[in-house]
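Every read-out reported here was derived from the displayed coordinates using simple, explicitly stated rules and does not represent laboratory data. In this text the structure is predicted, and so the values were computed from the model without any measurement. Because the Cβ atoms are built from the backbone with ideal geometry, glycine has one as well, and the counts that use them run over all protein chains shown.
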Amino acid sequence: MNLKEALNVASEELMKTGSLDAKLEAEVLLRHVLKIDRAAMFRDLDEDISMEDSSNIASLVKRRIKREPLAYITGVKEFYGLPFVVSEDVLIPRQETELLVDAAIVQAKSLGKNQISIVDVGTGSGAIAVSLALNIPTSSIIAVDISEAALAIADDNRRTHGLYSRIKLRRGNLLEPIIDKIDILVSNLPYIRSDKLTSLQEEVLREPVVALDGGYDGLELIKRLLFQAVDKMSNPGVILFEIDPDQASEAVKLCQQFFPSAITTVLKDLSNNERAVLLEIR
Ligand SMILES: C[S@@+](CC[C@H](N)C(=O)[O-])C[C@H]1O[C@@H](n2cnc3c(N)ncnc32)[C@H](O)[C@@H]1O
């Protein structure tokens, strides 16, 4: 079988599951097995592939048909233009979360400090922390997670990106491990309501429940984070956290309750959904 035929077989199999991205996913799986980039794949479409490669591609396609997320199969996900190792121990970084990184970079510039201390709570794969460290050279970052297994993945990612000394990892509950004052607190904590968890897409249900479950109203962890942040933020300082669009007005109320004199703004993602809250403490 040549590469083109293998690609067609894989995408037809994936199409049976109703996937809209069947062709693209087939390409990703094939390139993962053959360890080639896109250019090489198109160049070598007429080349034969070995029986071993063809059976490896077939077994990955089977896993995908069983709704295992593509990123867990390949073990890598791109975020903020950077590659991140992922496993079933971490949430797969989402494109909409890049909004938090964009906003934090802007805020870091406007704080105008020589050294900026950033805390990323619920770091998971470390995608936010790594992206910030690379884009804010004056930052020192502490990345916190309650999951030891997630921190092992974040450790991998900080090392791969050469950030071992710039990002400290701490295991703990929200801000409990943080002693020093924080200039920028950034967080994508779980915010899905507990009663909605069972109705999630099958791929999402493969992700760790500790990365999804936001308690009875979805805002439980965010509420606790804001409560803890009151004594830990610098002035001026910035808090940025991701939300579900349905939670925007409730989240703003919480910010006003814990930080009555701060400026609170709801930020929209590229799909025009209210996706994050920015709190400027002055
Ligand atoms: C939605 S995931 C976000 C992961 C990553 N920051 C991202 O945006 O891709 C939430 C993360 O928060 C962590 N987490 C859940 N409860 C926590 C808590 N009480 N304290 C610290 N981290 C927590 C989970 O283990 C998970 O890694």
### Task
Report relative contact order for segment 1-75 in percent, whole number only (criteria: Cα-Cα under 8 Å, sequence separation at least 6).
39 percent
### Summary
Diffing segment 76-90: the Karplus 3J(HN,Hα) column from phi (6.51, -1.76, 1.60, θ = phi - 60°), in whole Hz with x for Gly and Pro, holds 8, 9, 8, 9, 6, x, 10, x, 10, 6, 9, 8, 4, 7, 10
### Task
Could you grab the relative contact order for segment 143-197? Cα pairs under 8 Å, six or more apart, rounded to a whole percent.
39 percent
### Qualifying aspartates and glutamates (Cα of each under 12 Å from Cα of residue 23; at least 8 residues distant if same chain)
12, 13
### Task
Work the Kirkwood hydrodynamic radius out for segment 1-132: mean of 1/r over every pair of different alpha-carbon atoms, inverted, in Å.
16.9 Å
### Message
Given the -39500 (n - 2.57) contribution per DSSP H run of 4+ residues, what per-residue ellipticity at 222 nm results for the chain, rounded to the nearest 500 deg cm²/dmol?
### Response
-12000 deg cm²/dmol
### Choice from 132, 91, 111 showing the highest fluctuation, given a GNM over the chain with Cα pairs closer than 10 Å
111
### Task
Work from the charge dipole of segment 89-281 (Cβ charges, +1 for Lys and Arg, -1 for Asp and Glu, about the Cα centre) and give the residue of 221, 188, 133 farthest towards its positive end.
133
#### Entry: Candidates per chymotrypsin sites (Phe, Trp or Tyr not before Pro) in segment 204-256, loop by DSSP, up to 10 other Cβ within 10 Å
216
### Hz values of 3J(HN,Hα) by residue in segment 115-124 - Karplus curve (6.51, -1.76, 1.60), Gly and Pro given as x
10, 10, 9, 10, 10, 10, 9, x, 5, x
### Task
Over segment 89-281, calculate the relative contact order: mean separation of alpha carbon pairs under 8 Å at least 6 apart, over the residue count, as a percent.
20 percent
### Task
Take the Cα coordinates of the chain, assign each an equal point scatterer, and use the Debye formula without solvent to give log10 I(q)/I(0) at q = 0.07, 0.12, 0.13, 0.15 Å⁻¹.
-0.30, -0.78, -0.89, -1.09
### Query
How many angstrom separate the Cα center of segment 190-237 from the Cα center of segment 102-138?
20 Å
